1. Which pairs turn up if I take residues in the stretch 131-157 that are surrounded by 12 or more Cβ atoms within 10 Å (Cβ to Cβ) and look for partners that are assigned to a helix (DSSP H, G or I) and basic (K, R) with beta carbon separation below 8 Å, at least 6 apart in sequence or on another chain?
2. Of the residues that make up the stretch 253-275, is at least one closer than 22 Å to L313 by Cα, open to solvent by 10 Å² or more (accessible area, probe 1.4 Å) and either of a type outside the set (F, W, Y) or under 14 Å from the mean Cα position of the chain (by Cα) (or both)?
3. Of the residues in the stretch 14-23, how many are open to solvent by less than 60 Å² (accessible area, probe 1.4 Å) and under 13 Å from E53 (Cα atoms)?
4. From G51, G86, which residue is surrounded by 14 or more Cβ atoms within 10 Å (Cβ to Cβ) and either more than 22 Å from I121 (Cα to Cα) or of a type in the set (S, T, Y) (or both)?
5. If only one of T68, T93 is closer than 25 Å to A24 by Cβ, assigned to a helix (DSSP H, G or I) and open to solvent by 10 Å² or more (accessible area, probe 1.4 Å), which one is it?
6. Report, ordered by the first and then the second residue, all pairs with beta carbons closer than 8 Å, sequence separation of six or more or different chains, a first member in the stretch 29-58 that is within 13 Å of A12 (Cα to Cα) and in a helix (DSSP H, G or I), and a second member that is at pLDDT 95 or above and of a type in the set (F, W, Y).
7. In the stretch 163-179, which residues are exposed (fewer than 15 other Cβ atoms within 10 Å of the Cβ) and among the hydroxyl-bearing types (S, T, Y)?
8. Considering each of A141, A115, A81 in turn, give the residue that is in a helix (DSSP H, G or I) and within 21 Å of A62 (Cα to Cα).
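The values are calculated or read from the model by the stated rules, or taken from the named source; none is laboratory data. Predicted model only: the values in this text are computed from it and were never measured. Ideal geometry is used to build each Cβ from the backbone, glycine not excepted, and the neighbour counts take in all protein chains shown. Ligands, DNA and RNA are excluded from the accessible area calculation, which covers all protein heavy atoms including side chains. Shrake-Rupley method; radii C 1.70, N 1.55, O 1.52, S 1.80 Å.
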Amino acid sequence: MTATLHPAVERAGLLIDLQRYDEARELLARRLAEDPEDVRAWVKLAQSHLGDEKDGAKALEATERALTLNPEDIGALVMHAHALRGAGRFLDTEDVLRQVIRLAPDHWHGYALLANWLWRIRGIRSGQANGGQVRREDHDAALREAGELVQEAIRLGPEEVYAYEVAWLIADMAGNRTVADQMDEAILRLDPQHEQALARRTKKAATAPGVKAAEAATLYADALASAPDSEPMRHGLDEASYRLLRGVRWLALLCLALAAVGIDLFATEGEAQRELPLPVGQRLWDLVPMAVVWVLGALLRYRRLRAGIRVNLRSLVRRRLWPRVVSGQAAWAVLCALSITQIPWTERTVPQVLFWAGLAPSVATMWFDRKKTG
């Protein structure tokens, strides 16, 4: 029986880490032909079958061979539990993991893995015993025991990210947001680029009351710099960018209101109205407040945004329907405002039509397009 890790098995492990499972299996097959009693080779073979093939039966066969050679090998027992789950025998994993804890009471991983699976196993058993309905007391009891197990895992492995990931999951299942947030902070202390924890912390900060769209977009952009492949944070950046575009629409509607004021479009009866057509100087002057609105409200804010946010704004308009709709509504409202102020109208009927035409599309969708980033 092989006591140390053979170089071929070590290379197979590296190939598995690189997801080159076929090559790993070929290497392990040659190794096992040389020494069929190499426990580590059987364990790695099982891991390779659970990789790309998701073949629990083959993995189970490999771990059973390993356990025949050494029934108390911790690595083989842990892989055996994974193989049982892959083979559809999830309920059988509890006894295996409790054996792992019995044989290695000072090692954190067995506690963490059992904590991660225990509430699921008990949920299945409760459902089977109660006609498909999981009893609340069974669920709560499983979470309590899982919580105790994961606390022991953290005590034994205070620098192990997986233990804190399981602790976060249990706290989340129990609805304990305070503990869940503490676990996220612990995870990020150990792994500042942890994708899920970073996404959760960023979302919490970006969706806090009073956080403006530009601030939210900056938070997501900063987080994406650490985890550029995070889909939740990309979605969050899209949502924040969409909020920025919706803010631009308000600027356009403000220009429309300024245009109406500039031409005395809705003067009440008895009030003196400007004679039409307005002089050229007055029409040009009406452009000034609109320009101020766009310079202060959009251009300067846009220039202060991070380059990544500016790129995402342009990308969002190309990729998604509703950002294009909102941008189009803003452009249409500005066009109507310019038509109202810059064409030398002799009466107010057509400008009134233009005003309502510029206002209606935005008002018609404003109440339900808040969440439509798609």
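1. Pairs found: D138/R122; D138/R125; H139/R122; A141/R122; A142/R122.
2. For the stretch 253-275, residues closer than 22 Å to L313 by Cα, open to solvent by 10 Å² or more (accessible area, probe 1.4 Å) and either of a type outside the set (F, W, Y) or under 14 Å from the mean Cα position of the chain (by Cα) (or both): present.
3. Going through the stretch 14-23, the residues open to solvent by less than 60 Å² (accessible area, probe 1.4 Å) turn out to be 15-16, 21.
From the residues that got through so far, the ones that are under 13 Å from E53 (Cα atoms) too are 16, 21.
Result for the stretch 14-23: 2.
4. Details: G86 fails: either more than 22 Å from I121 (Cα to Cα) or of a type in the set (S, T, Y) (or both).
Only one candidate qualifies: G51.
5. Working: T93 fails: open to solvent by 10 Å² or more (accessible area, probe 1.4 Å).
It is T68.
6. Here the result reads L32/W42, each pair linking the stretch 29-58 to a residue that is at pLDDT 95 or above and of a type in the set (F, W, Y).
7. T178
8. Numbers: A141 fails: within 21 Å of A62 (Cα to Cα); A115 fails: within 21 Å of A62 (Cα to Cα).
Selected residue: A81, the only one of A141, A115, A81 that is in a helix (DSSP H, G or I) and within 21 Å of A62 (Cα to Cα).
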